[in-house]
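Colleague: Here it is, the structure, as structure tokens.
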């Protein structure tokens, strides 16, 4: 239908990355979507791999043999990073969607203050927590074990 | 150099598209002389008047009020009329039509998707006492605090800059977008309105605010400080409260009572008769 109205100009996936402004909240949005899709993919693969136990002991051990090695440890670590980001940023988003940490409606007087300014400390706090988890996770995955 | 920052010559790199002539939009360069105080819109007029009269865009008030001249300026959505070339601090100004809307011609986007979504959310006062609205006998009472709860969102000029910047609008044609949702919240919050239930079907559906994940680009590019992202999050809170049965139900504002015992001064003329 859009074609009938003129030349299509929807940005598509590129619109997640750029296309208007390049604020940090856009990249939190994009990372949230990417990690969400990544976790969904991991979840499907995880179910597929662990379902081999239903076939029998040998099938289970064979599938476990296939998912060992440094590459899979790195993959598991990336899953951990995705979970850390998606969960903590998700909690921040839930709070924002409940109207917490976004301020009240104000008189728009230039230079305009937006809810992003009110949200900034929450976003920074969430990022610091994510970074701390990612660092501890890295130590746990690659140093302590 | 004109003022130490802006070169004397400015290159306008404009994304051109003419239906029937071009298969795809193409970039064309136009060099014009910079003058102090020149806005991007002024530059487009100069290109049209002195180089290429076929250049098309939409504009009207030239003072950031009508919302007609929304365009991508150096990749960022904004109004051509209130963007000074000097503040861009570059000798090449790229101008493109707003993203996420079909291109009618050159810099003219087709904003019908915006207005369709806007219309679907009934952006006007809805009340049961329609006779009072058709033949008003007074004013509905509203306190200053009640007005402040929606006033910020009522400054929207429907320029569509927010929808061009929104990453959800970039991939999701069903999403109503920041303009329509902010306006729906503006009316839902208005104490004179009683239309929450009427709008709820659209708001709670797949076109509603739950497709927003708070990228905040709408608020960042809004030339009027409307902060649509805030309106959308506050609307989500309203919808959650409603789903949990926690939303404060209220009757729409009643007519303001006229003060008792006060006579109209005879030297104050009557208001003119309604024209519509």
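Read the figures in this text as sums done on the coordinates, not as results from a lab. Just so we're clear, the structure is a prediction, and the values are computed from it rather than from any experiment. Using ideal geometry, Cβ is built from the backbone for each residue, glycine included, and neighbour counts are taken over all protein chains shown.
Colleague: Would you mind finding the one in B:144, B:160 that is crowded, with 23+ Cβ neighbours inside 10 Å and within 13 Å of chain A (Cβ to nearest Cβ)?
Modeller: Unique residue meeting the criteria: B:160.
Colleague: Which residues, taken from segment B:34-56, are out of contact with any helix residue (DSSP H, G or I) (no Cβ under 6 Å at 6 or more places or on another chain) and under 17 Å from residue B:105 (Cα atoms)?
Modeller: B:41, B:44, B:45, B:47, B:48, B:52, B:53, B:54, B:56
Colleague: Go through segment B:221-240 and give me each residue that's more than 9 Å from chain A (Cβ to nearest Cβ) and closer than 20 Å to residue B:146 by Cβ.
Modeller: The answer is B:235, and nothing else.
Colleague: Identify, from the list B:42, B:22, the residue that is assigned to a helix (DSSP H, G or I) and within 27 Å of residue B:114 (Cβ to Cβ).
Modeller: B:42
Colleague: Next up: In segment B:163-203, what count of residues is obtained for those that are more than 8 Å from chain A (Cβ to nearest Cβ) and farther than 19 Å from residue B:248 by Cα?
Modeller: Residues flagged as more than 8 Å from chain A (Cβ to nearest Cβ) and farther than 19 Å from residue B:248 by Cα within segment B:163-203 amount to 14.
Colleague: Oh, and also: What are the residues in segment A:95-129 that are within 9 Å of chain B (Cβ to nearest Cβ), part of a helix (DSSP H, G or I) and under 15 Å from residue B:236 (Cβ atoms), if any?
Modeller: A:96, A:97, A:115, A:119
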